[in-house]
Every structure is written in C-alpha cells, then in structure tokens.
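Heads up: the structure comes next, in structure tokens.
The values are calculated or read from the model by the stated rules, or taken from the named source; none is laboratory data. Remember, predicted model here, so these are calculated numbers, not experimental data. Cβ placement follows ideal geometry from the backbone for every residue including glycine, while neighbour counts extend to all protein chains displayed. Ligands, DNA and RNA are stripped out before the accessible areas are found, and what is left, the full protein with its side chains, is counted by its heavy atoms. Shrake-Rupley method; radii C 1.70, N 1.55, O 1.52, S 1.80 Å.
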Amino acid sequence: MGPSIVVVGGGILGLAVAAHAARRGIRVTLLEKEDGWAAHQTGHNSGVVHAGPYYRPGSLKARMCAAGNASMLAFARDHGIPHAVPGKLIVATDDGELDGLHELHRRAVANGVPSRLIGADEASEYEPEVYAVEALRVETTGIIDYPAVCRALADIAREHDADLRTGAKVTAIHETAEGIVVEHAAGEVHASLLVNCAGLHADRIAQLAGIEPDVRIVPFRGEYYELIPERRALVRGLIYPVPDPSLPFLGVHLTRMIDGSVHAGPNAVLALKREGYRWRDVDLRDAVDALGYPGFLRMASRNLETGVREVARSVSRSAFAASLARLVPRIEAADIVRAGSGVRAQAVRRDGSLADDFVIQRAGHQLHVLNAPSPAATSALEIAAHLVAETGVMA
C-alpha cells in the first residue's frame with residue numbers, strides 16, 4: 001500500500017511533518033492528545049520569526065533558521081496568515097556586553113543574516129525610548145500568528161488525505177519487523193515509521209517505544225507581562241538584550257505583537273509540571289522526574305545565581321520591570337500586567353549540559369525529535385522537510 005508514517009504531536013512541527021509528507025504521497029496519521037492544535041509550546045510562544053544571529057555557524061539551528069525565516073514568511077504570504085517584518089534591535093546596555101554583541105554580529109554574518117552594528121543615536125531612530133551603548137540591527141526578524149500557521153498546515157494535510165486525530169493520547173508503542181504499532185486512547189495505528197514530535201513529552205514517547213533518549217526533558221516556564229495600552233508607544237518593534245552565552249535562553253525582551261500589544265518576557269523558572277503554566281500547577285511524577293534527574297542537579301548547581309534571579313523576577317513585578325527598564329528606561333512596574341506563560345521543553349544531558357542544537361535520534365522504524373526549542377517554530381517547514389527525508393520512506 002506504499003509508505004506510511006505515524007506522527008505523534010499536533011504542534012507546529014508535527015503538523016508541518018504531516019503536511020509535507022502527505023503532499024508527497026505518504027500515508028500519514030497524526031496523533032494529538034489534546035482536543036486541538038498548538039495547545040502547548042506553539043500556542044504559548046512569543047510569535048517571533050527569528051532571523052538567526054544567535055546560533056553556532058554550521059549547526060542545524062543556524063542552517064534551518066535562516067532558511068526557515070524565508071519559508072515561514074513566504075508561507076504566511078501565500079496563505080493569508082497575519083505577519084509583519086519589523087526587524088529588531090539587540091542592545092548592549094553597558095561596555096561589558098559589547099564583546100557578546102560583536103560575537104552575535106560575527107555569527108549573523110557567518111549565518112547569512114542581514115544585520116549591522118549601529119551606535120546609540122541610530123538605535124534611537126528605530127526605538128526612540130531604547131537605551132543602548134551599541135546595538136545590532138537585524139532586518140529580517142518578523143512576527144506571526146503561529147496558531148494560524150498550524151490551522152493552515154492541518155488543512156493542507158487533510159487536503160492530501162492525512163488522518164489527523166485529536167484526543168488520541170499515545171499509550172503504547174511496539175516495533176515489529178514490518179514497522180511500528182502505536183496504541184492510543186481511541187485505537188491503534190500501524191505504519192512504516194514513527195516520527196515523534198511530542199515536544200514536552202518527547203523523551204517519554206521515546207521511552208514508550210523502548211528507546212533510551214540521549215537527553216531528558218526538563219520543563220522551564222517562561223512568564224510574560226505586557227505593557228498597558230497607554231504605554232505601548234514605548235516600543236515600536238522588537239528589543240532584545242545581549243543573551244548569556246552559557247544559557248539557551250535569549251533573555252527578557254520586548255515584542256510588539258500582530259495585534260499591536262507589546263509583550264515582555266519570558267523569564268525562565270523550573271516548572272513542576274510539564275504543562276505547568278502557573279506556580280500552583282504541580283504534577284508529582286513530573287516534579288520527581290526533573291528534580292531527581294542527575295543532569296538537572298548538575299545543571300542547577302552550576303547556575304544557582306541565575307536561578308535565584310529568575311525566581312525573584314517571577315514573584316516580583318518590580319524586579320521584572322527593572323529588567324525591562326535596562327532596555328527601555330521609562331518602563332515602570334505600573335506599566336506592566338501579567339499576560340500568561342509558556343513552558344519550554346529544555347533538553348538536558350546526564351552530565352548537566354544543555355542541548356544547544358536540535359536533537360534527532362533514530363532507531364529502527366523510529367525518528368525522535370528530542371530537542372526542538374526556539375527557533376523550531378520559525379524553522380518548522382525546514383525541519384519537516386529534513387525529517388521526512390530522514391525517514392527514508394519517500395514515495
């Protein structure tokens with residue numbers, strides 16, 4: 001009957017794989033445990049189409065982000081999805097950040113990202129309220145409605161006869177000589193190959209399939225504020241700090257969204273539930289898995305000061321506002337209100353190191369995406385093409 005794949009996960013990456021494969025004549029079944037698409041990481045991110053100055057030249061992230069920026073914006077144009085390309089500023093707020101800023105510029109050049117270093121006066125032409133000693137202007141950074149992208153991908157997949165199932169939590173996975181059998185809440189699926197795009201649960205899906213993953217998912221909650229409507233004029237586009245190169249997070253930043261609101265964040269604190277969007281969201285299994293994992297303990301011991309600072313910023317609006325005021329000095333605590341959270345599926349190795357590139361693990365009739373953080377949404381169409389090629393079941 002020809003090649004077939006079963007995709008686990010209905011976020012942007014799983015849907016992109018389903019659409020890409022179905023258009024190429026591969027029979028596709030997609031299983032999503034929630035009742036709709038983009039329920040977790042995809043639906044709770046900052047909506048940015050990244051350009052790619054951060055990533056190590058030659059890495060999968062670097063290659064796929066540059067291509068993904070172009071393909072995602074083209075997809076938005078072709079399908080009438082709300083988007084814009086305002087560009088962004090990455091700003092050094094003191095001399096101690098200049099080396100990091102210049103390293104970002106070197107990476108941007110190596111990655112083919114249109115960008116240039118500018119002085120404080122020119123930075124203020126883009127963002128009149130910004131404080132910068134120097135800045136990196138990145139021209140091709142955009143904003144987009146990622147849930148709308150997911151709906152379009154789902155439509156494309158269905159148009160090409162993909163079977164997309166919601167409310168289908170995976171309960172067991174068996175490999176056979178011919179392929180894979182996936183049991184779920186409403187039945188089972190037989191396919192030539194499994195593609196695991198389960199995000200926050202990717203390592204557990206791998207374990208269900210009898211695979212020992214190279215990394216463990218540790219959930220980090222990113223909390224957002226937004227500027228009150230009367231203060232939105234303080235930000236025209238996107239303003240980012242120079243990130244800590246030892247961490248995979250880009251730092252608290254300001255983003256003018258498609259609807260004109262201005263989001264601020266996210267910070268990064270350990271979540272005690274893999275889908276824990278609030279401090280009171282606690283799951284005993286998830287908490288024990290994270291806190292008892294040797295890799296997390298090693299990672300935490302190396303970053304105690306950073307962790308304390310992130311928790312303080314989580315519980316104190318004043319501390320959060322102070323971080324924003326480093327970028328835009330006129331922002332005060334009274335100018336921001338809570339605006340929801342997201343949870344990042346951070347892949348941590350047993351030695352405590354954080355995976356800084358996409359991690360894709362192949363075994364038998366299985367392909368597991370074990371680390372696909374930002375810029376995975378930006379790069380989703382490119383990652384999907386890569387994954388479908390990797391399956392070896394092209395029609």
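Here are some notes:
- Residue (of Gly112, Pro82, Gly10) at the positive-pole extreme of the chain, dipole from beta-carbon charges: Gly10
- Rolled with a 1.4 Å probe across the full set of protein chains, the surface gives Glu125 an accessible area near 130 Å².
- Alpha-carbon centroid distance for the pair the range 196-210 / the range 350-387, whole angstrom: 12 Å
- Förster radius 41 Å - calculated FRET efficiency between Glu139 and Leu291, Cβ distance, rounded to 0.05: 0.45
- Solvent-accessible area, 1.4 Å probe, carbon plus sulfur percent, for the range 30-127: 49 percent
- Largest GNM mean-square fluctuation across Arg204, Arg302, Arg165, computed for the chain with C-alpha springs under 10 Å, falls on Arg302.
- Residues in the chain average 40 Å² of solvent-accessible surface per residue, probe 1.4 Å, ligands and nucleic acids excluded.
- P(r) tail fraction, the range 112-159 - alpha-carbon pairs more than 11 Å apart, %: 74 percent
- Ligands, DNA and RNA left out, the accessible area of the range 196-324 computed with a 1.4 Å probe is 56% carbon and sulfur.
- Here the spin labels are modelled as points 7 Å beyond Cα on the Cα-Cβ line, and at Ala312 and Ala333 they lie 1.4 nm apart.
- A dipole drawn for the range 199-283 from +1 and -1 charges on Cβ atoms has a positive end, and of Ile217, Val262, Leu200 the residue lying farthest that way is Val262.
- A helix-only calculation puts the chain at -9500 deg cm²/dmol for mean residue ellipticity at 222 nm, using -39500 (n - 2.57) for each DSSP H run of at least four residues, averaged over all residues.
- Lys33 accessible area, 1.4 Å probe, all protein chains in place, Å² to nearest 10: 70 Å²
- Here, the range 44-165 has an Rg and a Dmax of 17.1, 57 Å when only alpha carbons are counted.
- Which of Leu270, Leu370, Leu284 is most accessible, then next, and so on - probe 1.4 Å: Leu284, Leu270, Leu370
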